[in-house]
Amino acid sequence: MEKWRATSNLRRSLKSILNRQLSSVSEFRYLNEKRSCQSSFNLIRDCKSLGQVNAIQHRCFSSASTLVQRNPSFSTLNSDDISYFKGLLGEKSVIQDEDRLETVNTDWMHKYKGSSKLLLLPRSTEEVAQILRYCNSRCLAVVPQGGNTGLVGGSVPVFDEVIVNVSSMKNIISFDKVSGILVCEAGCILENLLSFLDNQGFIMPLDLGAKGSCQIGGNVSTNAGGLRLVRYGSLHENVLGLEAVLANGDVLDMLGTLRKDNTGYDLKHLFIGSEGSLGIVTKVSILTPPKLSSVNIAFLACNDYSSCQKLLMEAKRKLGEILSAFEFLDTEAMNLVLHQFDGVRNPLPASMHNFYILIETTGSDESYNRANNSKEDQRNTNKANDGGRRIKLDGCKLHVLAREQECRSCGWLVRTMRREFGHWILRFHQR
């Protein structure tokens, strides 16, 4: 019944937003109206007059810079708007300070900058609904924002939109140890969720270099992949339900915790990866796997790209279900990290190679995994001068990172630090 009600509400709300008169339309825009046109779906309203709104679906595959003009049909903030928001949220949650606005107006890469004059910090779903309902009635443009860690400018204003930041909504609502289902608000920082679950003996199926500041609502809205995608899949596979607020203030309660739900439309998938184009995600229920005891990491060097592809196929065949990560970087990325960050060294220092691969396995039986690794090593390895072990496999050399500290400093730290330069490692998705 709840799913049927949510479906009806979504259909009715979207229909009214697309067809109603401009005087009652908020233009809750997903102009990811970025200066460069990304290959993303933009919902743009072409307002020819004050009476009629035409919805245009536009997909652009080029990277050419485009000039975007502010739609004059949007309203501008006035003192009455500020008074309303202060009465709704309180003085501390309505931000007009220029220094704080400078931060939220600028993306993490400092490539895109908006000119918003107002930042709102709602603390509940009801407050988000009232904000959007009011903006809808006033035709005020809105941009949703989480941790603002994205690299494509999707979470910052294009012009003077009202920023609705959900960082104050950071409560963990429930966690079921039997099913491993976590329910939390959208403003929860990913690293805090990782720490909470670690104490419970579980892990998040998602792990990112930006985990210290990114938020789960933004992760869901962008369908973030992360380090563990090869093992646990995308968020489409792990998110069981969510709650979202539409542009007109309607709340869609799709916060199911049932893993096997075969009833009706699965509307949550519309919001996963929608980047705020349909509404603001306010709560999430997510399936979390148990933490396994055996973790092994290997760092490999390859002479050519075809060797990397062959290595991926071999890893899938030989490692099977314990393969948890497969990460790729080239020699330019390695040099960049080694020269810019202290405490990071190349695990294969004898000479630079064209490509590097980081493989992680995760299992429940450490002795079994080590026994299998030892058998494989006896068939394929020879001793290297640096004291490590190297495996010859189609032009690849391997160094086993045995100690936890070595794994952290030479493995994942290399992968994580690359984000400081805006370079994401190419991920090989398991098909």
**Item:** For the range 79-165, alpha-carbon Rg relative to the globular expectation (2.2 N^0.38 Å, N residues)
**Value:** 1.03
**Asked** On the accessible surface of the range 172-287, probed at 1.4 Å, how many percent belong to carbon and sulfur atoms?
**Response** 47 percent
**Item:** Accessible area (Å², per residue) of the range 79-165, counting only protein heavy atoms and a probe of 1.4 Å
**Value:** 41 Å²
**Request:** Would you work out what percent of the accessible area of the range 79-165, with all protein chains in place, is carbon or sulfur (probe 1.4 Å)?
**Result:** 49 percent
**Asked** Which whole-number value in Å² is the accessible area per residue of the range 172-287, probe 1.4 Å?
**Response** 37 Å²
**Prompt:** Once you put a point 7 Å from the Cα of residue 354 and another 7 Å from the Cα of residue 68, both along the Cβ direction, what distance in nm separates them?
**Reply:** 3.9 nm
**Message:** Under a crude label model (7 Å from the Cα following the beta-carbon direction), how far is residue 113 from residue 126 in nanometres?
**Reply:** 4.0 nm
**Prompt:** How many Lys pairs in the range 62-192 lie less than 26 angstrom apart by Cα atoms, where the lysines are 8 or more positions apart or on different chains?
**Reply:** 7
**Item:** Pairwise label distance in nanometres, residue 151 with residue 97, each label 7 Å out on the Cα-Cβ vector
**Value:** 3.1 nm
**List 131, 322, ordered by accessible area with a 1.4 Å probe, largest first** = 322, 131
**Prompt:** What ranking, highest mean first, results for peptides 258-271, 139-152 when packing means the other Cβ atoms within 10 Å averaged over each residue?
**Reply:** 139-152, 258-271
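The values are calculated or read from the model by the stated rules, or taken from the named source; none is laboratory data. The structure displayed is predicted, hence computed values, not measured ones. Cβ sites come from the backbone with ideal geometry, for glycine too, and all protein chains shown count toward neighbours. The protein model used for the area step is the full one, side chains on, heavy atoms only, and it has no ligands, DNA or RNA in it. Shrake-Rupley method; radii C 1.70, N 1.55, O 1.52, S 1.80 Å.
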